[in-house]
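Written out below as structure tokens is the structure these notes cover.
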Amino acid sequence: MKNLHVKLLSLGLILFAAGLIFHKTSHLGLPLLPSEDIDVWSVEARLAFTAKKGSIKAQLALPSLPSDYMIVDENYVSGKYGLAVTHENNNRVAEWAVRQGSGEQVLYYHLQLTQNNQNDTTPPKQVTEKVTLADPQQHSENMTSAISTLLEEVRQKSADTKTFTRELLLRFNAETADENIQLLLRDVRTKKERIELLKIILTDALIPARAINVLLLKEGVRHGKLTPWLQVHDGEKWISFDPTDVKSSLPKNAMLWQTDNQPIFTIDGGKNISLDFAISRHTQEPIRLAEQRARKMDSRTMEFSLFSLPIQTQNVYRILLMVPLGALLIVVLRNLIGIKTFGTFMPILIALAFRETELLWGVILFTFIVALGLTIRFYLEYLQLLLVPRLSAVLTIVIILMTFTTVFSHKLGFEQGLSIALFPMVILAMTIERMSLIWEEHGPSEALQQGIGSLLVAALGFLVMSNDILNHMIFVFPEILLIILAITLILGRYTGYRLTELWRFRATLSKDGH
């Protein structure tokens, strides 16, 4: 019954921790593993106009969350204007309003976004889009005949909506256009007018089509403009086409800004309107991006994370949070493998000291101090001192040895010896005392076994506790400590053979096998 209770408790801890980790990685974008800085694009839309007398109302279509990009942060510079963000169909709209305005007016919308590598983009609430076919338009007799002939020829050389649109664009962009295309393009001057013509033709072919405006993300752009593209619906999804080419997918550096359900901007009470985009790129830490995204999502998860602490306190916890991992290592090495050590936590504290001394020099200095201290301890035994005075004498001798080693190594030019002061001197004193007692009671072999075992466990603990990946994971996801606790609870019920015992009793096990 107790085993079942421990198993259920451990399972609950693991599931709870796994749920928190999944939320942080999938919704906030926290990296599970250490990663390099991420490219962040800063986009600034500048809406400028000259105000007329009276009230002013300005509207600017905003991008919804793109599928290939993740909006990190956005803000508005509106001065004395009131601001509201609304949703119309599948677009967001920023509305600025002021009672009185005069002279030159400038409104800014600033956006930060990065490449989206998450499965869950958590888009804002949007109205489900209904794809409808526009009403056919009345054309002149010549234009009707040209469209009918063109559609018949394109239909014969296509199999579906995508190939139909591609074939139509090939004819529109041919170096030598036929008579029908020349007739249709006779009054077309701009890219936008070409898209409107293509929409009319596709509507006659019973294919839903619309114009979209995309922003090409390029470093150092100061007066960028939105680029119009054509989209057709194949019954399941929208397919994008460049009207001056036959490309059927948006470039990697393009983000959808607005569809033709509404104009890009409108100004009531203004004239001489212009919309420009400035674009720049910089790098940023993934953790900072997650914090910004949490604020944007109104999530308080990051407010209660370790990143909300002062930097000095964070550095302390980067070390403390690794101690349970070292304790789990000792549980495995002692209970499953059977390595003997001096106490339970002494190897962990020595491993923490190795973080500053480095492993090789740490092992050398530790061995040197313990060996000298053990020699002097045997001399103190000859003096027949009481326990407490003897421990005090050993502690004093340890500090003297540490001081001597530091000064001597500094004079010889070995700066690594300066970090010996980081060793926990009380632990060193107790190690010397414990080793001397075992030496007297069980002999030098047992004392050396436990001493070497302690040093080996401390070295392994150092390698585990200084691992950058584990350090990152536990600090970013401290709920991993619940998983470590669950594993420790399960191992705490283990009463089977240790690996070293299997080696000791190999002869007996071999006889039983026969």
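The values are calculated or read from the model by the stated rules, or taken from the named source; none is laboratory data. None of the values given here were measured: they were computed from a predicted structure. Counting neighbours? That spans all protein chains shown, and the Cβs are built from the backbone with ideal geometry, glycine included.
For segment 213-229: of the residues being assigned to a loop (DSSP other than H, G, I, E, B) and in contact with a Phe, Trp or Tyr (Cβ under 8 Å, 6 or more places away or on another chain), which is surrounded by the most Cβ atoms within 10 Å (Cβ to Cβ)?
Filtering segment 213-229 for residues assigned to a loop (DSSP other than H, G, I, E, B) gives 217-223, 225-226.
Going one step further and asking which of them are in contact with a Phe, Trp or Tyr (Cβ under 8 Å, 6 or more places away or on another chain), we end up with 217, 221, 223, 225-226.
Numbers: Leu217: 23, Val221: 17, His223: 9, Lys225: 13, Leu226: 17.
Across segment 213-229, the extreme among qualifying residues is Leu217.
So in segment 300-341, with the set limited to residues that are polar (S, T, N, Q) and part of a helix (DSSP H, G or I), which one is surrounded by the fewest Cβ atoms within 10 Å (Cβ to Cβ)?
Let us first name the residues in segment 300-341 that are polar (S, T, N, Q), namely 301, 305, 308, 312-315, 335, 341.
Going one step further and asking which of them are part of a helix (DSSP H, G or I), we end up with 308, 312-315, 335.
Numbers: Ser308: 11, Gln312: 7, Thr313: 11, Gln314: 13, Asn315: 10, Asn335: 16.
Of everything passing the filter in segment 300-341, Gln312 is surrounded by the fewest Cβ atoms within 10 Å (Cβ to Cβ).
Go through (1) modelled with pLDDT of 65 or more; (2) within 20 Å of Thr86 (Cα to Cα) and name the single condition Leu113 misses.
(2)
Going by the conditions given, is Asp276 out of contact with any helix residue (DSSP H, G or I) (no Cβ under 9 Å at 6 or more places or on another chain) and modelled with pLDDT of 80 or more? If you could, list the steps in order and put the result at the bottom.
Values: out of contact with any helix residue (DSSP H, G or I) (no Cβ under 9 Å at 6 or more places or on another chain): yes; modelled with pLDDT of 80 or more: yes.
Answer is yes for this residue.
Out of Trp257, Trp229, which single residue is free of Cβ contacts under 8 Å to residues at least 40 places away in the same chain and within 33 Å of the chain's Cα centre (by Cα)? So that I can check it myself, show each step before the final result.
Numbers: Trp257 fails: free of Cβ contacts under 8 Å to residues at least 40 places away in the same chain.
Criteria check complete, one pass: Trp229.
Have a look at Arg194, Arg155, Arg210 and point out the one that is in a helix (DSSP H, G or I), crowded, with 16+ Cβ neighbours inside 10 Å and of a type in the set (Lys, Arg). Can you show your working first?
On the way: Arg155 fails: crowded, with 16+ Cβ neighbours inside 10 Å; Arg210 fails: in a helix (DSSP H, G or I).
Just one listed residue meets the conditions, Arg194.
For Phe304, indicate whether it is aromatic (Phe, Trp, Tyr) and either at pLDDT 90 or above or closer than 30 Å to Lys53 by Cα (or both). Spell out the reasoning first.
Details: aromatic (Phe, Trp, Tyr): yes; either at pLDDT 90 or above or closer than 30 Å to Lys53 by Cα (or both): no.
So Phe304 fails the test.
Quick check on segment 357-379. Is at least one of its residues among the polar types (S, T, N, Q) and at pLDDT 80 or above?
Narrowing segment 357-379 to residues among the polar types (S, T, N, Q): 357, 367, 375.
Still in the list and also at pLDDT 80 or above: 367, 375.
Yes, there is a match, as at least one residue in segment 357-379 is among the polar types (S, T, N, Q) and at pLDDT 80 or above.
Between a first residue in segment 154-168 that is closer than 14 Å to Gln231 by Cβ and a second residue that is of a type in the set (Asp, Glu), which pairs have beta carbons less than 8 Å apart while being 6 or more apart in sequence or on different chains?
Thr161/Asp234; Lys162/Asp234
Which of the residues that make up segment 16-53 are surrounded by fewer than 13 Cβ atoms within 10 Å (Cβ to Cβ) and in a helix (DSSP H, G or I)?
Within segment 16-53, Gly19, Phe22 qualify.
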